[in-house]
Structures are given as structure tokens and as C-alpha cells.
Amino acid sequence: MESLNRMAIELADEAIDFADELAIDVYELDNGATVLDFGIEAIGGIEAGLLLTEIQTGGLSTVSTRSDEVAGAPIPSVDLHTDHPALALLCSQKAGWEVSAGNYEGLGSGPARALVAEEEEFHRTGFSDDFDFAVLAVESDHLPTGKVAEQVAEMTGVDESAVFLPSFATNSVTGSVALAARAGELAVFRLSELGYDPLDVLTVQATAPVAPVAGDYETAVARTNDALAYGGRVHMTVDSEFDRFDEIVSIATEEYGTTFAEIFDDADWDFYEVPPEVFAPAQVTVDVVGGDTHVFGEPNEALLEESFGL
């Protein structure tokens with residue numbers, strides 16, 4: 001397999017070349033690291049969100065948008081397909097890196113995680129990356145600092161000047177698009193947590209509505225999670241049967257039917273107090289090669305209508 005970071009760097013270079021067309025900004029920090037502002041101070045947009053998702057998945061996914069509806073209202077949806085779900089979704093796209101450097105806080109996703117390869121996903125897949133550049137997408141209200149780049153360089157073993165940090169805010173157009181692309185990741189991660197070998201997930205095709213951009217972080221993070229839990233639909237082709245496929249979907253949780261604004265509020269916005277199983281797509285089809293095709297869950301348009309303020 002080609003290095004995930006190598007493929008992501010090629011996509012980051014594409015973003016730099018077409019920064020004006022994507023409505024993004026590019027900065028070089030004092031230590032030589034590169035920050036790509038996909039939607040913090042820059043405007044960003046749908047195309048920026050699609051390219052950011054490709055970067056986050058290490059170039060192993062195809063991503064597009066299409067016109068869809070929620071409760072009769074035209075709402076765009078993001079479609080993602082990958083034939084390498086374990087690597088693209090778990091070892092790259094998953095937001096598994098808590099960025100904390102000085103006063104800076106953020107959430108990191110992307111292939112730089114595979115250069116460290118200490119999270120459980122890498123133990124389950126046996127995958128790690130080796131490359132001279134590191135690409136970490138950072139979700140935060142503020143642009144990454146030199147200290148962030150220094151931390152990433154130290155943990156990944158690359159030069160500070162070889163660190164690329166595509167960055168976005170949750171409450172941005174780019175953020176709504178990139179987060180809608182996570183329905184497949186949630187399904188594969190949940191299945192892996194239940195004990196299924198993620199390498200036995202052969203293909204994933206997923207879709208979810210793009211949440212309207214909120215005016216604040218709390219509303220944005222609630223809406224984008226509602227979009228996945230109540231509107232995310234996933235098709236998975238897998239290699240073998242499993243007796244817990246029905247637990248992949250959000251309807252299997254006790255919190256089903258509750259907006260994420262309420263779920264987070266009940267936990268005093270301490271995400272560690274939120275049961276991890278609530279982060280699940282609304283509906284999943286599991287196609288077992290040579291076996292049965294299982295369908296679980298269903299979208300909940302009434303709840304999306306409430307969450308989106310339609």
C-alpha cells in the first residue's frame with residue numbers, strides 16, 4: 001500500500017495550487033510548517049470540504065455531493081466510497097488525536113495518526129505508515145500554532161517543515177461537509193468495537209445530509225452528529241457473518257430519539273461522559289459475501305427537521 005501521508009501530501013499540494021478557487025488560505029509558520037485554512041478564518045466551501053475529506057482519508061476514498069431532501073426541504077448530502085475502509089476510515093479519517101499544545105486545543109484526524117500508530121485501531125489492523133511528511137487535519141476554532149506543528153513533528157518523527165495542517169472549524173461549510181462524510185467511519189468503528197475484524201470489511205459506501213452551518217460550536221457539533229445518527233446511511237460489504245450487526249446503528253442505543261444537543265447537555269458537554277455507542281449511523285446494510293444481506297435501522301427525518309431548524 002502506498003503511504004497514506006504521501007497520497008495526502010499530493011492532495012494538500014493540489015489544495016495549495018487551487019487555494020483561490022477553493023476559498024481557502026495557506027500560511028507558512030515560522031518553523032516552516034504549512035497551515036491550510038479550510039474554514040476557520042477563510043470562507044471555505046463545499047469543494048473545500050470534499051477535498052479535505054479526501055485528505056483525511058489518505059486519498060483512499062471517492063467523495064461527492066448530491067441534492068437530497070430532509071422533511072421535504074432541499075438539503076445536500078455527501079457520498080463517500082472506499083474499497084479500503086480499515087485504512088481510510090479507521091487509520092486515517094477517524095478523529096483520534098487530541099491536539100493540546102500550550103493554550104491550543106483541537107481534534108486531529110488524517111494520516112499523520114498512522115505515523116504514530118499507537119491507537120487501538122492500529123493494533124487491530126496491524127497498519128503503520130512511514131513517510132517523511134505528516135498531514136494532520138485539525139478541527140478547532142483557531143488556526144494551529146507553531147507549537148502544534150512542533151508537537152506533530154516530534155510525535156511523527158518528521159521535520160517541523162514537513163508538517164502540513166489542514167484546519168477547519170466545526171461551524172463552517174467545510175466542517176459540515178467533512179463531518180457528514182463520517183457515516184461510514186462510525187459504522188466501521190462501531191463494528192470494530194463490537195469485536196469484528198475491521199480488515200474483514202471490504203467496501204463501504206456511505207451518505208449523510210450536510211447540516212446547516214450553525215452560529216456557534218455547540219450547535220454545530222450537535223447538528224453534525226444528528227446528521228449522522230439520524231440521517232447517515234451506510235452500505236458495507238463484509239467477508240463473514242457476525243451476530244452483533246444489529247448493534248451498529250443508532251436505534252440500538254438507549255439514547256435514540258434524543259437530539260445531540262440534549263445528549264451533550266445532559267453530560268455537561270463533557271464528551272467523555274457520553275456513551276460511545278451513540279456515535280452511530282441511522283441505517284446500515286451489511287452485505288455478507290456469499291451470505292445474507294442484513295438491514296438495520298432507519299433515518300429519522302422528524303428529528304433532523306427539529307435539529308436543523310427547518
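What follows draws every value from the coordinates through simple rules; no lab data is involved. The structure presented is a predicted model; accordingly, all values stated were derived computationally and were not measured. Glycine also receives a Cβ, built like all others from the backbone with ideal geometry; neighbour counts cover every protein chain displayed.
In the elastic network of the chain, a GNM with C-alpha springs shorter than 10 Å, the most mobile of 279, 131, 38 is 131. For the Cα trace of region 186-250, dividing Rg by the Kirkwood Rh returns an Rg/Rh value of 1.07. With r as the distance between the Cβ atoms of residue 202 and residue 73 and R0 = 41 Å, compute the FRET efficiency 1/(1 + (r/R0)^6) and round to 0.05. Here the calculated transfer efficiency is 0.70. For the chain, DSSP calls about 70 percent of its internal beta bridges antiparallel. Paramagnetic label reach from residue 43 (point 7 Å along Cα→Cβ; backbone nitrogen cut-off under 18 Å): within region 142-176, residues 168-169, 171-176.
Once both labels are positioned 7 Å from their Cα atoms along Cα-to-Cβ, the gap between residue 266 and residue 287 label points is 3.6 nm. Here the Debye sum runs over all C-alpha atoms of region 183-310 as equal scatterers in vacuum, and log10 of I(q)/I(0) at q = 0.20, 0.22 Å⁻¹ comes out as -1.07, -1.23.
Among 134, 261, 220, the largest mean-square fluctuation in a Gaussian network model of the chain (Cα springs under 10 Å) belongs to 261. Relative to the longest principal axis of the Cα atoms of the chain, the long axis of helix 4-17 lies at roughly 70 degrees. Between the helical axis of 183-193 and the longest alpha-carbon principal axis of the chain there is an angle of about 80 degrees. Please report, to two decimal places, log10 I(q)/I(0) for region 101-155 at q = 0.16, 0.21, 0.24, 0.26 Å⁻¹ as given by the Debye formula with identical point scatterers on the Cα atoms and no solvent. Log-scaled intensity ratios, in q order: -0.51, -0.81, -0.98, -1.08. Once the chain from residue 298 to residue 31 is taken as fully extended at 0.36 nm per residue, the excess over their C-alpha distance is 91.2 nm.
Could you give the angle, 0 to 90 degrees to the nearest 10, between helix 146-156's Cα long axis and the longest principal axis of the Cα atoms of the chain? Between the helix axis and the principal axis of the chain, the angle is about 70 degrees.
Highest mean first, the peptides 45-56, 205-216, 181-192, 288-299 sorted by other C-beta atoms within 10 Å per residue fall in the order 181-192, 45-56, 205-216, 288-299.
Remark on region 1-111: ratio of C-alpha radius of gyration to 2.2 N^0.38 Å is 1.16. For the chain, the percent of C-alpha pairs falling in each 10 Å distance bin, counted from 0 to the bin holding the largest distance, reads 7, 29, 37, 22, 5, 0. Stretching residue 306 away from residue 1 to a fully extended chain increases their span by 105.4 nm, per 0.36 nm per residue minus the current alpha-carbon distance.
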